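Peer 1: Structure in structure tokens, see below.
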Amino acid sequence: MAKSSSASQTRRRLGILGLGTAGLITLTGCSARETLFIGIPEPATKEGELIEDLWEGAWVAAWPVGILVWGLMIISIIFFARRKKDEVPEQTAYNLPLEVMYTVAPLIMIFGLFWFAARDGSEILSVEKESDHSVNVVGFRWSWAFNYIEEDVYDIGTPQDDPVLWLPVDEPVRIDLTSPDVIHSFWIPAWLFKKDVIPGKLNQFVVTPNKEGDFVGKCAELCGVDHSRMLFDVKVVPRAEFESHMDKLRAKGQAGQLETGRVDTSGVPGPEGVSSS
């Protein structure tokens with residue numbers, strides 16, 4: 001009778017635990033994908049697909065380990081809890097196979113994750129890949145400027161008027177990141193990628209947007225009082241529409257290139273002490 005009662009209590013505890021977990025997931029309003037992979041968005045670039053594979057691979061490796069550890073903890077709590085006040089659970093002083101397992105298994109996981117991260121990271125960060133055109137992105141307090149190098153035009157924003165970065169779809173583009181003042185961070189969540197914008201240092205990467213549409217960009221580095229307003233948009237369009245927009249920038253008098261010196265946004269958007277040709 002006592003064993004039957006104990007088994008019933010165990011099943012009840014496991015049932016409550018399962019219902020509680022399912023309830024918490026339901027209350028978040030997340031889909032199965034968002035729950036399993038912590039809300040990662042669908043990638044909007046060719047390189048983003050590689051980042052997604054790396055991210056999901058890490059979770060595929062982490063979930064079994066987490067389930068094993070949580071399972072052992074729950075089993076220990078339920079089946080090896082002290083039943084009586086004066087009872088002392090069985091003590092284990094040393095177990096060689098167990099020592100080897102929890103030393104070797106984490107090392108295998110760490111080296112495996114490092115190998116995949118190094119392999120994919122070198123591909124993602126390579127600037128040796130061919131690119132059809134390039135854009136110099138200037139992060140400044142408190143907005144962004146975009147120099148379209150081959151088209152020889154520029155665009156610039158303010159905290160009140162977010163700039164828009166235009167890119168042609170399915171064409172590799174090299175992004176050159178510069179800053180005249182403090183450290184910023186160029187982040188487009190849908191690209192699954194961000195990179196710091198550092199004064200006195202040129203950071204570069206090559207990316208291939210492969211989905212048309214509008215995407216949100218922001219600064220991901222706390223850079224001062226108006227950091228939260230350092231927003232911009234990204235518009236990925238067919239080549240013809242991209243060229244049409246470049247013509248519109250020229251017609252507005254925004255031909256030439258902005259220098260990466262300090263940008264004055266106190267009045268009309270425009271560079272302070274900046275020349276264009």
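Peer 1: Considering only the range 233-252, how many residues are aliphatic (A, V, I, L, M), in a helix (DSSP H, G or I) and surrounded by 15 or more Cβ atoms within 10 Å (Cβ to Cβ)? Can you show your working first?
Peer 2: Step one: filter the range 233-252 for residues aliphatic (A, V, I, L, M), giving 234, 236-237, 240, 246, 249, 251.
Checking which are in a helix (DSSP H, G or I) leaves us with 240, 246, 249, 251.
Filter once more, keeping what is surrounded by 15 or more Cβ atoms within 10 Å (Cβ to Cβ): 246, 249.
Of the residues in the range 233-252, 2 are aliphatic (A, V, I, L, M), in a helix (DSSP H, G or I) and surrounded by 15 or more Cβ atoms within 10 Å (Cβ to Cβ).
Peer 1: Would it be correct to say that ASP170 is under 15 Å from LEU258 (Cβ atoms) and part of a loop (DSSP other than H, G, I, E, B)? I'd like the intermediate steps shown before the answer.
Peer 2: Details: under 15 Å from LEU258 (Cβ atoms): no; part of a loop (DSSP other than H, G, I, E, B): yes.
So ASP170 fails the test.
Peer 1: Continuing with this model, one more query. Could you tell me whether ASP181 is in a loop (DSSP other than H, G, I, E, B) and at positive phi? Break it down stepwise before answering.
Peer 2: Numbers: in a loop (DSSP other than H, G, I, E, B): yes; at positive phi: no.
For ASP181, the condition - in a loop (DSSP other than H, G, I, E, B) and at positive phi - is not met.
Peer 1: Taking the conditions exactly as written (within 22 Å of ASP247 (Cβ to Cβ) and of a type in the set (S, T, N, Q)), does ASN210 satisfy them or not? If you could, list the steps in order and put the result at the bottom.
Peer 2: Values: within 22 Å of ASP247 (Cβ to Cβ): no; of a type in the set (S, T, N, Q): yes.
Criteria not met by ASN210.
Peer 1: Just name the residue that is nearest to VAL137 (Cα to Cα) out of those in the range 199-217 that are part of a strand (DSSP E or B) and out of contact with any Lys or Arg (no Cβ under 9 Å at 6 or more places or on another chain). Explain how you work it out, then say what you get.
Peer 2: Kept after step one, since they are part of a strand (DSSP E or B), are these residues of the range 199-217: 203-207, 209, 213-217.
The next check asks that each one be out of contact with any Lys or Arg (no Cβ under 9 Å at 6 or more places or on another chain); those that pass are 216-217.
Numbers: VAL216: 15, GLY217: 12 Å.
Here the answer is GLY217.
Peer 1: Using beta carbons and a limit of 9 Å, which pairs, at least six apart or on different chains, have the first residue in the range 203-222 and farther than 11 Å from ILE188 by Cβ and the second one assigned to a loop (DSSP other than H, G, I, E, B) and among the acidic types (Asp, Glu)?
Peer 2: Close Cβ pairs satisfying both conditions: VAL206/GLU128; VAL206/GLU130; THR208/ASP170; THR208/GLU171; ASN210/ASP170; LYS211/GLU42.
Peer 1: Among GLU150, GLU171, which is surrounded by fewer than 13 Cβ atoms within 10 Å (Cβ to Cβ), at pLDDT 85 or above and in contact with a His (Cβ under 9 Å, 6 or more places away or on another chain)? Before the answer, list the steps.
Peer 2: Numbers: GLU171 fails: surrounded by fewer than 13 Cβ atoms within 10 Å (Cβ to Cβ).
Of the residues listed, the single one that is surrounded by fewer than 13 Cβ atoms within 10 Å (Cβ to Cβ), at pLDDT 85 or above and in contact with a His (Cβ under 9 Å, 6 or more places away or on another chain) is GLU150.
Peer 1: Is at least one residue of the range 212-221 over 20 Å from ASP155 (Cβ atoms), surrounded by 15 or more Cβ atoms within 10 Å (Cβ to Cβ) and of a type outside the set (Phe, Trp, Tyr)?
Peer 2: Filtering the range 212-221 down to residues over 20 Å from ASP155 (Cβ atoms) leaves 220-221.
Right, trim to surrounded by 15 or more Cβ atoms within 10 Å (Cβ to Cβ) and you get 220-221.
Among the residues that remain, those that are also of a type outside the set (Phe, Trp, Tyr) are: 220-221.
Yes: the range 212-221 contains one or more residues that are over 20 Å from ASP155 (Cβ atoms), surrounded by 15 or more Cβ atoms within 10 Å (Cβ to Cβ) and of a type outside the set (Phe, Trp, Tyr).
Peer 1: From the residues in the range 101-130 that are aliphatic (A, V, I, L, M) and touching a residue at least 12 places away in the same chain (Cβ under 8 Å), which one is farthest from ALA62 (Cα to Cα)?
Peer 2: We begin by selecting, within the range 101-130, every residue aliphatic (A, V, I, L, M); these are 101, 104-105, 107-110, 113, 117-118, 124-125, 127.
Adding the requirement that they be touching a residue at least 12 places away in the same chain (Cβ under 8 Å) leaves 109, 113, 117, 124-125, 127.
Numbers: MET109: 9, LEU113: 10, ALA117: 15, ILE124: 23, LEU125: 25, VAL127: 31 Å.
Applying the filter and picking the extreme gives VAL127.
Peer 1: Here are some conditions: (1) without any contact (Cβ under 8 Å) to a residue 60 or more places away in the chain; (2) in a helix (DSSP H, G or I); (3) touching a Pro at 6+ places or on another chain (Cβ under 9 Å); (4) not aromatic (Phe, Trp, Tyr). LEU98 meets all but one. Which one does it not meet?
Peer 2: Unmet for LEU98, out of (1) without any contact (Cβ under 8 Å) to a residue 60 or more places away in the chain; (2) in a helix (DSSP H, G or I); (3) touching a Pro at 6+ places or on another chain (Cβ under 9 Å); (4) not aromatic (Phe, Trp, Tyr): (3).
Peer 1: How many residues does the range 90-102 contain that are over 21 Å from LEU68 (Cβ atoms) and of a type outside the set (Phe, Trp, Tyr)?
Peer 2: Within the range 90-102, residues that are over 21 Å from LEU68 (Cβ atoms) and of a type outside the set (Phe, Trp, Tyr) number 3.
Peer 1: Just one of the numbered conditions (1) at pLDDT below 80; (2) surrounded by 10 or more Cβ atoms within 10 Å (Cβ to Cβ); (3) of a type in the set (A, V, I, L, M) is not true of ILE124; which one?
Peer 2: (1)
Peer 1: Still on this model: Answer with yes or no whether ASP196 is in contact (Cβ under 8 Å) with a residue 24 or more places away in the chain and either buried (at least 16 other Cβ atoms within 10 Å of the Cβ) or assigned to a strand (DSSP E or B) (or both).
Peer 2: Details: in contact (Cβ under 8 Å) with a residue 24 or more places away in the chain: yes; either buried (at least 16 other Cβ atoms within 10 Å of the Cβ) or assigned to a strand (DSSP E or B) (or both): yes.
Considered against the rule, which asks whether it is in contact (Cβ under 8 Å) with a residue 24 or more places away in the chain and either buried (at least 16 other Cβ atoms within 10 Å of the Cβ) or assigned to a strand (DSSP E or B) (or both), ASP196 comes out as yes.
The values are calculated or read from the model by the stated rules, or taken from the named source; none is laboratory data. Just so we're clear, the structure is a prediction, and the values are computed from it rather than from any experiment. All Cβ positions, glycine included, derive from the backbone under ideal geometry; neighbour counts span all protein chains shown.
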